Amino acid sequence: MSSSSNPVFAAGNLAVITGGASGIGLALARKCASYNMNVLICDNNSANLASAKEAVKSKARFETLEMDVSQLEEFGKVKSLVEKEFDGKISLLALNAGTTAKGTWGDSAYFQHILSVNLFGVLHGINTLLPLTTASSPSSIIITGSKQGITNPPGNPAYNASKSALKTLAEHLSFDLSKSHPSTSVHLLIPGWTFTGLSGNAPFGDKKEIPKGAWSGEQVVEFLEKKMAEGKFYVVCPDGDVSESMDRKRMAWGAGDLVMGRPPLTRWREEYKAEAEEWMAKQDL
């Protein structure tokens, strides 16, 4: 059994992970199981849940629950199971489930689908499971955001809006818990380019080669664990193509649109592209 310097990752503690049957969620489940934590993964894919149950080796309990995070009442099943089987305490709550789709203005179903999963799937989890998480001391909450919710590239407004909203919610949750429950930390996980199910990598069966520049879910989790141990709220992951420095420059330029009174999304406007690239090349961030 391996061990972690972070007391949240301790044998016998419970980790609850939504979107836990593939991608980053599954990698986190494996990490927790390696520490002999009890793990409950929740996912809407029954086949992946069954495969995960078979594939993840753990000396502690490893449970699965099929659920739709967009439905508030579904989290009642999670709460009841934790109260019945795990003494009503969650040491690690990872609200990780997410989705994406193609759509644009006028397509209400596109907006409804993405926001109901990415935004309300997290809100439902917080509002239902927060008391069980703060009941464990220490404990941590991980919310999976996206760089697209910060740098806001054109092309998928619903996805970007959902992840931007998560950033705001996570910031408020962190601030509020620092006052009311300081032993519960909050971490906003902001992956870089990660080869997961959303980007064409099935979690089980024949494995595809990771594209050049992409990170695996396991690399993201290793980086996350390190930053959690450092007490970081913002966990902005680099990847093989984009360094931490470049991420900071891109975020700083984007914030400058508001501060400097420029139009939005100037990084992608032809009349600003050269200026943006020149500015970022001069920065030492």
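Rule-based calculations on the coordinates, nothing more; no lab input. All of these numbers come straight from a predicted model, not from anything done at the bench. Cβ placement follows ideal geometry from the backbone for every residue including glycine, while neighbour counts extend to all protein chains displayed.
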Only unsatisfied item for S3, checking (1) over 21 Å from the mean Cα position of the chain (by Cα); (2) in a loop (DSSP other than H, G, I, E, B); (3) surrounded by 15 or more Cβ atoms within 10 Å (Cβ to Cβ), is (3)
Going through segment 142-186 one residue at a time, which ones are aromatic (F, W, Y) and either more than 28 Å from P263 (Cα to Cα) or without any contact (Cβ under 8 Å) to a residue 40 or more places away in the chain (or both)? F175
Condition first: exposed (fewer than 14 other Cβ atoms within 10 Å of the Cβ), without any contact (Cβ under 8 Å) to a residue 60 or more places away in the chain and in a helix (DSSP H, G or I). Can you find one or more residues in segment 27-34 that meet it? no
What are the residues in segment 174-196 that are surrounded by fewer than 19 Cβ atoms within 10 Å (Cβ to Cβ) and either out of contact with any Ser or Thr (no Cβ under 7 Å at 6 or more places or on another chain) or closer than 24 Å to Q112 by Cβ (or both), if any? S174, F175, D176, S178, K179, S180, P182, W193
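Conditions (1) assigned to a loop (DSSP other than H, G, I, E, B); (2) of a type in the set (F, W, Y); (3) under 24 Å from the mean Cα position of the chain (by Cα), marked per residue:
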residue: S245; (1), (2), (3): no, no, yes
residue: R248; (1), (2), (3): no, no, yes
residue: L258; (1), (2), (3): no, no, no
residue: R262; (1), (2), (3): yes, no, no
residue: R267; (1), (2), (3): no, no, no
residue: Y272; (1), (2), (3): no, yes, no
residue: E278; (1), (2), (3): no, no, no
Of all residues in segment 144-159 being more than 14 Å from the chain's Cα centre (by Cα) and in a helix (DSSP H, G or I), the one that is nearest to K249 (Cα to Cα): P157
Determine which member of the set A52, A60, A21, A97 is more than 27 Å from L173 (Cα to Cα) and crowded, with 20+ Cβ neighbours inside 10 Å. A52
